[in-house]
Amino acid sequence: MSTQAYSRTTKTFHWLTALLVIAIIPLGVIASDAPINTDAEIATKTWLFSMHKTLGVAVFLVALARITYALTQTKPAPLHPDRKAETLLAEVVHWLLYLSLVLVPLTGWIHHSASAFAAPIWIPFANALPFVPTDPHVSDLFGGLHWLWSKIMVASILLHFAGAMKHVFIDKDETLKRMTFGKLTATAAADHGKSAPFIAVAVFAAIAALGSALGFYTTAQTKQNGPALEAAASEWTVTDGAINIAITQLGSTVKGNFGDWVSVISYDENGTGTVGRVETTINISSLALGTVTQQAMGADFFDQGTFPTAVFAADILRNGDTLTADGTLTIKGAAVPVSLPFDLTINGDQAQMNGSLTLDRRDFTVGESMADESNLGFDVMVDIAVTATR
């Protein structure tokens, strides 16, 4: 690369990146706005998101290769170094583009890895990034950054295009030709300013700080949509615990949990037969289920607006060393017999319980529009862990 033109390799990187970005931006918008009322619509939305994510990983990898190569080359000098403000603006826009080509797909990739969204990336190694936990708070943070910083990318592309058109139709110089494969007649020799990359970094940092101030990093996954359940008097008081669920959507496991629930527990550790009673009320709005949380609240699924709570009421039975909670689970007004086997360890006044079971969503009229398992599996895995004090 000379001070006059870019090399063929750089030009190839530039136009390949441009094609990928031109495809990925409308795909993201269309995927986000696509409806999810039927199996076919869900399949289409998932396909669009998968394409968007896969191209995003491709943009990230191409951008890294492009930047790595550019660091070994001499960048052509500005054709109009005397226009200091215009030259600085152009270089800031270039740096905003460089940063966005790395940061926007990277934040989207982390958001995907941290969330429990079923739309897969079509690159085998890309679906789970090392050291990125499946955590709604991490997902929200990077999802928010992805959305905000993508606006910097779009603005930078528009400014970059406007600048190129100015050079073609107003200045009538060879700035654009430097990035095409034509011959040049102009020469230039001037150093680039050193402030542009720092200004670009400051823009990204300022937008990130603004997003934090406006609450962009806490979405429906980590917000509780309804009032918290009130504590109830109980012989055993729950001090810690988790109600985790896992569903299968489009062949991928989507994990989630209910963050707000209360239990009233009585238990006689020395008895036999019926040795206790448990009644657990679950706040449906406290469900975090990755990026399908809002969908799960809808009328075809949990119908949270009509049925804000689910209730498990059961007798605790002991048969030798085997413990089960036999009773009913009521979701969406459907009371279904449920038997929950569990392990229990009691140490003084502290108890630790762990149990799991598999439910069939059809028993509770959840996902009735999905009559088969092509989009949403019938089985729902439930894992429960409770720590309680006498």
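What follows draws every value from the coordinates through simple rules; no lab data is involved. Every value quoted in this text rests on a predicted model; they were computed, and no experiment measured them. Heads up, the Cβs are rebuilt from the backbone with ideal geometry, glycines too, and the neighbour counts pull from every protein chain shown.
Before moving on, here are some points about what is shown:
- Given charges at beta-carbon only (K, R positive; D, E negative), |dipole| of the stretch 237-389 in Debye: 200
- Rg then Dmax, both in Å and based on the Cα atoms of the chain: 28.1, 96.
- For Tyr98, net neighbour charge (Lys/Arg +1, Asp/Glu -1) across residues whose Cβ lies under 14 Å away: +1
- Under a 5 Å amide H cut-off, with hydrogens placed 1.01 Å from N, Thr291 pairs with Ala116, Phe117 among residues at least 5 apart or on other chains.
- Integer Hz, Karplus 6.51/-1.76/1.60 couplings in order for the stretch 307-312, x for Gly and Pro: 10, x, 10, 10, 9, 10
- Lys/Arg +1, Asp/Glu -1 at C-beta; the chain dipole; positive extreme among Pro130, Val203, Pro227: Val203
- Within a Gaussian network of the chain (alpha carbon springs, distance under 10 Å), most fluctuating of Asn270, Asn37, Asn127: Asn270
- Cross-link pairs beyond the 23 Å C-alpha cut-off, checked among Lys75/Lys177; Lys11/Lys75; Lys151/Lys194; Lys75/Lys194; Lys53/Lys255: Lys151/Lys194
- Put simply, the amide H of Thr309, placed in the peptide plane, has neighbours under 5 Å in Ile284, leaving out anything fewer than 5 places away on its chain.
- In order along the stretch 293-303, the phi-based Karplus estimate (6.51 cos²θ - 1.76 cosθ + 1.60, θ = phi - 60°) of 3J(HN,Hα) comes to 4, 5, 4, 5, 7, x, 4, 7, 10, 7, 6 Hz; Gly and Pro are listed as x.
- Derived scalar couplings between HN and Hα for the stretch 378-386 equal 6, 7, 10, 7, 10, 10, 10, 9, 9 Hz in order, rounded to whole Hz, by the Karplus curve 6.51 cos²θ - 1.76 cosθ + 1.60 (θ = phi - 60°), x for Gly and Pro.
- For Val275, the amide hydrogen comes within under 5 Å of the amide hydrogens of Ile316, Leu317, Arg318, counting only partners 5 or more places away or on other chains and with H modelled in the peptide plane.
- Given +1 at the Cβ of Lys and Arg, -1 at the Cβ of Asp and Glu and no other charges, the dipole of the chain around its Cα centre is 2720 debye to the nearest 20.
- Ellipticity estimate at 222 nm from DSSP helix runs (n ≥ 4, -39,500 (n - 2.57)) divided over the chain, nearest 500: -13000 deg cm²/dmol
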